[in-house]
Structure formats: structure tokens, C-alpha cells
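J.: One structure, pasted below without further comment.
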Amino acid sequence: MIYSYTETELKTLLKSLTIIVDTREQANNHVIDYFTKKKIPYITKKLDYGDYCCYIGANPELGIMRDMYFTDTVVIERKNSLTELSNNLSNDRERFVNELIRKGNTKLFLMIENTPNGYGDILTHNYRSQYNEKSFIGTLKSMESQYDIHINFLSDNELSGFFIWSTLYYGIRNYLLGRG
């Protein structure tokens, strides 16, 4: 159930937003360093799908007696490169698709790091696998439509921590406002 929060209450709630990092997430020191530097709270916990999601801590003053987990609201799946993603789609496709199926109606943001030219990097085969460019784009566009995922290319993995935090923060803010 969503309540009508004042702007002050909303800010208070969002200050306790804590990011959940999947225990299987690897090579993410740059993300954790960003959270630490910006004093963004995070915990490590096994997630059923995705690599990052969040919760808001209990706040009895606002009538929230327990932590509110948003594991079925907004999640982020991180891929460190087009090479990793192309390998997932060509060699480990069933596992990847099953993860998309498990997410149900959850908003999933696919974040692909180290991809300065987005689809241009796919078209010029700027990745290390034999996965055909046309198949790669066709698969991404099909999955985007079929599973309602949001594909995001990041030019530099130094932007990853910010992308994760801001996507979760504003996704949950909109959810709490009844907009998402």
C-alpha cells in the first residue's frame, strides 16, 4: 500500500535508502568505492535476480515499523562490457532469459559499462566474441520489448555507482509518489 507522503516525509524516508548488492556480484570495487566515498549505505545480500536493488529502513515516526524492501520494484543488472553481455547472450542465454522471466513486473535496468558509443560499439563489433552484430542488436531490442527492460550504456565504469544510486533513488521516489 502506498501512502501520501509530504515532501519532508519523503526526504526523510529516502535518506534511509540502503542499496543491496548481490553476493554474487564480482569486480565491482569501483561501485563500492563510490558508495563509500558518497556515504551511501549498502549491504550485501543474495538477490533472486539483478545485481542491485534497495530497501528503506523502518521509521516508526512515519508509521513504518519494518524495513521496506523494493526487490520487486526496481533492480539493476550490471554487465562490465559488451563482451560479457555478448557471452551471456550467446553461451549462457537460458540462464539470462530465466533471470528476466523471474523478475516478473519488476523494472529492470540493464547497465552495460565501458561502452562509450552504445549501439555503435555493437555495430562496429567493438567487443571480444564471435556474436554477430545483427543478432546482438536484434536480441537486445527483442528482450527490451518482450521483458520490458531498460538498456543503458555507460561510457566509463566510474559512472556506475552514480547510475545505480540515482536509478534506485528516483525509481523508489516515484514509486512512493504513486508514479511508478
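J.: Suppose we take every Cα in the chain and form the convex hull; what volume per residue is that in Å³?
T.: Residue-normalised Cα hull volume stands at 118 Å³.
J.: On to the next question. I'd like the orientation of helix 160-176 relative to the chain: the angle between its Cα long axis and the longest Cα principal axis, in ° from 0 to 90, rounded to 10.
T.: 50
J.: Using the alpha-carbon centroid of each, what span in Å lies between region 27-101 and region 113-180?
T.: 14
J.: While we're on this one: Quick one: net charge around Phe153, please, counting Lys, Arg +1 and Asp, Glu -1 for every other residue with C-beta under 9 Å from its C-beta.
T.: -2
J.: Now, a different point. In the structure shown, do any of Lys39/Lys141; Lys46/Lys134; Lys37/Lys134; Lys15/Lys141; Lys38/Lys107 have a Cα-Cα gap over 31 Å, and if so which?
T.: Lys39/Lys141; Lys46/Lys134; Lys37/Lys134; Lys15/Lys141
J.: Kindly give the semi-axes, whole Å and largest first, of the ellipsoid equivalent to region 99-138, taking each as the square root of 5 times a Cα gyration tensor eigenvalue.
T.: For region 99-138, the ellipsoid semi-axes come out as 24, 13, 9 Å.
J.: Let me ask something else about it. Would you mind computing, in nm to one decimal, how far apart the modelled labels at Thr23 and Lys38 are, each placed 7 Å from Cα along Cα→Cβ?
T.: My value for the distance between the label points is 2.7 nm.
J.: Just to be sure I understand the model, the point goes 7 Å from the Cα along the line to the Cβ. What's the resulting Leu14 to Ser145 distance in nm?
T.: Between Leu14 and Ser145, the simple spin-label model gives 3.4 nm.
Coordinate-derived values only; no laboratory data. Keep in mind it's a predicted model, so treat the numbers as computed, not measured. All Cβ positions, glycine included, derive from the backbone under ideal geometry; neighbour counts span all protein chains shown.
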